[in-house]
1. Go through region 496-510 and give me each residue that's open to solvent by less than 60 Å² (accessible area, probe 1.4 Å) and not in a loop (DSSP other than H, G, I, E, B).
2. Name the single residue that is nearest to Ala25 (Cα to Cα) among those in region 189-213 being more than 19 Å from the chain's Cα centre (by Cα) and either part of a strand (DSSP E or B) or of a type in the set (D, E, K, R) (or both).
3. Sort out which residues of region 264-288 are open to solvent by 20 Å² or more (accessible area, probe 1.4 Å) and under 29 Å from Ile123 (Cβ atoms), and write them in order of number.
4. Which one is farthest from the chain's Cα centre (by Cα), of the residues in region 92-108 that are under 26 Å from Trp150 (Cα atoms) and open to solvent by 10 Å² or more (accessible area, probe 1.4 Å)?
5. Please find, among Gly203, Gly191, Gly154, the residue that is of a type outside the set (Lys, Arg), in contact with a Gly (Cβ under 7 Å, 6 or more places away or on another chain) and farther than 18 Å from Ser250 by Cα.
6. Exactly one condition in (1) modelled with pLDDT under 95; (2) in contact with a Phe, Trp or Tyr (Cβ under 6 Å, 6 or more places away or on another chain) is not met by Asp143; state its number.
7. Determine, yes or no, whether Thr61 is of a type in the set (Ser, Thr, Tyr) and either in contact with a Phe, Trp or Tyr (Cβ under 9 Å, 6 or more places away or on another chain) or surrounded by 20 or more Cβ atoms within 10 Å (Cβ to Cβ) (or both).
8. Before we move on, is Tyr216 open to solvent by less than 10 Å² (accessible area, probe 1.4 Å) and assigned to a helix (DSSP H, G or I)?
Amino acid sequence: MKNSLLVLFALFITSNIFSQVGITAGPYLQSPTQTGIKIKWRTTAPTTAKVMYGTSPSTLTQTATEATVTDKHTVTITGLTPYTQYYYAIYNDNTFAEGGDMEHAFRTFPVSTDPGHVRAWAIGDFGKGNSKEAAVRDSYPFDSLEANVWLWLGDNVYDNGTEAQYLAKVFDSVWGYRNLMRHLPYMPAPGNHDYESVSPIAGTIDPASPSHTGPYYDFVDVYTNGEAGGVASNRELYYSYDYRNVHFVSLNSELGSMTNSSHNWTGAWIPLLGSNNFTSSPMSQWLHQDLAANTKPWVVVYFHQPPYSDGSHNSGDIYEAYMRGMRANFNPIFEQYGVDIVLCGHSHAFERSYLVKGAYGEDNTINTGTMIIQNRSGNDVQGQAYTKTLVGPDPNKGTVYVVCGNSGSSESSPGFSHPFMYSEYGCDTCIGSFVLDVEGGRLDGRHIDAYGNIRDHFTIHKTLVSGVEPAWDNIVVDLKVVPNPFSSITTVSFELMKSEKTNIRLMDVTGKLIEVFEGNLQQGKQQIEIDAQKLKLAKGAYTLVMSAGGESTSRTIILQ
């Protein structure tokens with residue numbers, strides 16, 4: 001009898017061990033809005049799904065469920081409060097799986113009129129499942145500010161975009177981003193390696209067909225109906241969304257075809273095969289509609305294959321049909337609507353252009369004298385920041401093109417001879433990511449390597465009328481920093497013409513942001529003290545960035 005009980009107990013334990021449902025991917029976050037989010041994960045066996053959530057890890061009192069029995073779970077949460085931190089735990093059937101801690105969290109989007117800071121973090125060509133990918137991952141966050149949006153620039157996994165490769169190289173915790181995905185939503189664009197398991201490079205599958213799908217689309221759940229701003233695309237192929245005063249657009253440079261013109265939504269072409277007969281496509285028509293409807297002062301567009309590059313890919317090479325298609329057919333649209341930044345991957349290096357406009361043909365036809373709009377470094381501390389205006393005879397003139405395809409990949413000997421590029425950086429061990437900070441009328445872009453070094457830093461100032469800031473003058477009067485230079489303490493004084501949420505930060509020469517003050521201030525005269533010792537400031541030049549009421553301005557100050 002005793003032996004029989006032991007056998008039964010062993011069978012019970014064994015049965016329960018083998019019946020436990022494991023997690024193969026996630027949880028990860030998709031499609032955050034002001035009032036909702038989607039939480040996704042995958043399991044080793046089909047189950048129902050449940051999420052418990054609340055505003056602290058210890059009070060997960062609200063429930064959202066998925067009744068479908070599946071191993072690919074999507075739980076949609078609605079009815080949330082804008083710009084609020086929530087915590088969650090996931091359940092397979094009614095069995096706790098993970099969460100209920102500080103890591104399993106998300107913040108809803110702010111209302112679109114909120115004038116605060118925006119940070120975007122971009123990685124490209126990262127999914128190698130190697131130590132380089134892990135090093136770039138581990139370099140985040142770079143300072144005290146978390147990213148609001150996380151941009152994937154394509155070639156998110158190598159080599160063929162299969163489900164097994166995504167699970168092993170992207171959604172795992174060794175090389176990939178499993179832990180970060182618990183609290184940071186990603187907003188992807190696909191690359192040519194992702195598309196190896198969607199549609200071959202020849203473009204044999206119609207983008208409008210239900211069969212134009214694959215592992216990449218199985219892992220994403222992006223905005224298709226304008227849920228977070230922008231015009232509804234009604235497709236996961238491309239989409240847009242707003243975060244505060246920035247409009248983001250994710251395009252698909254892989255929707256080209258060398259064999260079927262009806263499938264060629266980018267106008268990809270090789271001159272040796274004939275003329276470029278592209279006129280429009282569903283994606284270009286949607287892009288016109290989306291950018292024409294946009295009311296945000298800043299516009300960031302991202303996709304995989306760069307219009308300009310001379311890294312591991314050369315945009316002047318005859319066979320770079322997809323890069324040529326984006327340059328010839330989409331760059332004019334970007335520049336028509338004043339797109340500020342275009343972010344891409346594909347070349348396994350970092351490249352950043354001047355403020356440029358008008359080059360849609362072959363690289364050897366570029367006229368740097370007329371097509372480089374502002375021939376300077378973009379370094380604000382040196383007085384060489386780029387400037388743009390929202391209105392006037394030529395509003396929003398010029399775009400900065402960025403290539404960041406070294407977030408897991410690298411190139412031993414990139415070419416680096418493109419006439420548009422001010423900054424170029426690449427080698428066998430050169431890896432990093434791109435950080436974009438926007439506040440009021442100021443945009444800062446930085447390439448940060450895996451060791452925390454700022455390899456490139458540029459600034460764009462945007463005003464309503466060239467050279468002046470009338471909207472700012474209506475809010476803040478008589479901004480002064482005295483003494484300047486200073487040795488220990490200086491005072492920022494100004495007058496607010498109305499009560500406003502106000503933010504004051506310092507930016508050092510590497511681009512590191514140091515918060516001095518953030519809070520609501522009443523109408524009237526104000527003084528804020530900057531204490532170098534308390535802020536642990538080193539001697540040197542700093543840029544003081546002040547924001548209030550949706551506008552910003554800056555001053556250079558010197559600590560001696």
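The values are calculated or read from the model by the stated rules, or taken from the named source; none is laboratory data. Bear in mind the structure is a predicted one, so any value in this text is a computation, not a measurement. Positions of Cβ are backbone-derived with ideal geometry, glycine not excepted, and every protein chain shown enters the neighbour counts. Just so you know, the surface numbers come from the protein's heavy atoms only, side chains and all, with ligands and any DNA or RNA stripped out. Shrake-Rupley method; radii C 1.70, N 1.55, O 1.52, S 1.80 Å.
1. Leu496, Glu500, Thr502, Asn503, Ile504, Arg505, Leu506, Met507
2. Glu196
3. Asn264, Pro282, His288, listed by residue number.
4. Residue satisfying both the conditions and the ranking: Ala97.
5. Gly203
6. (2)
7. yes
8. yes
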